[in-house]
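Scroll down for the structure; my scribbles are underneath it.
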Amino acid sequence: MSTSIAGAAPSGQLPKIEGLRVAIVAAEWNGHITSALTDGALKVFADEGYPAGDIDVYHVPGAVELTYAASQLIEASLYDAVIVFGCVIRGGTPHFDYVCQSVTQGVTSLNADCDIPVIFGVLTVDCEQDALDRAGGALGNKGSEAAEAAIKMVDFTRKVKDI
């Protein structure tokens, strides 16, 4: 059975969310990448007409800390969505696997257990060039995509709560 939510925005067009409040949490590790992702997200919000004061940006040391920060922001009940940005580049040790698994499971758990969406904007790449390509380079900006996902998920959440 397929069900669509009435009033959903047409494909390619973002819904307009009244009073949208979003928190962005960016890891400082690989900050040149996470700042480019953050800039991409902020540009989308600005282009869509959301006031800069309604989008708050926070910083944490690394990707593992993203889950904790997101959980604290959810508990504060100030936001409609939280976006997390990190960049984990594969190295010669298993550390990459542990960090990726930790942040992925953490965000998945928050999405399953909490009332607001947490958008996964963590790049897990083999080399720095892969990250640069996804943070405003040849493959676009995944930060922009995360902002679009946040808008769509807040719209979805509000519509589901109205059913």
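The values are calculated or read from the model by the stated rules, or taken from the named source; none is laboratory data. Since the structure is predicted, the reported quantities are computational estimates derived from the model, not experimental observations. We place every Cβ from the backbone using ideal geometry, glycine too, and count neighbours over all the protein chains shown. For accessibility, only protein heavy atoms count, side chains too; no ligands or nucleic acids. Shrake-Rupley method; radii C 1.70, N 1.55, O 1.52, S 1.80 Å.
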Nitroxide proxy distance, nm - points 7 Å out along Cα→Cβ at Asp56 and Asp115: 1.7
Within segment 74-155, percent of DSSP bridges classed antiparallel, to nearest 5: 20
Choice from Val84, Val103, Val25 showing the highest fluctuation, given a GNM over the chain with Cα pairs closer than 10 Å: Val103
Cβ-based net charge around Lys152, under 13 Å, with every Lys or Arg adding one and every Asp or Glu removing one: -2
Length added when fully stretched, Thr157-Ser77, from 0.36 nm per residue minus Cα-Cα: 27.3 nm
Contour excess over end-to-end distance, with Cα ends at Gln101 and Tyr68 and 0.36 nm allotted per residue: 10.4 nm
P(r) tail fraction, the chain - alpha-carbon pairs more than 28 Å apart, %: 20
Thr34, Thr157, Thr104, reordered so the largest accessible area comes first (probe 1.4 Å): Thr104, Thr157, Thr34
Euclidean distance of C-alpha centroids, segment 95-163 and segment 41-78, integer Å: 12
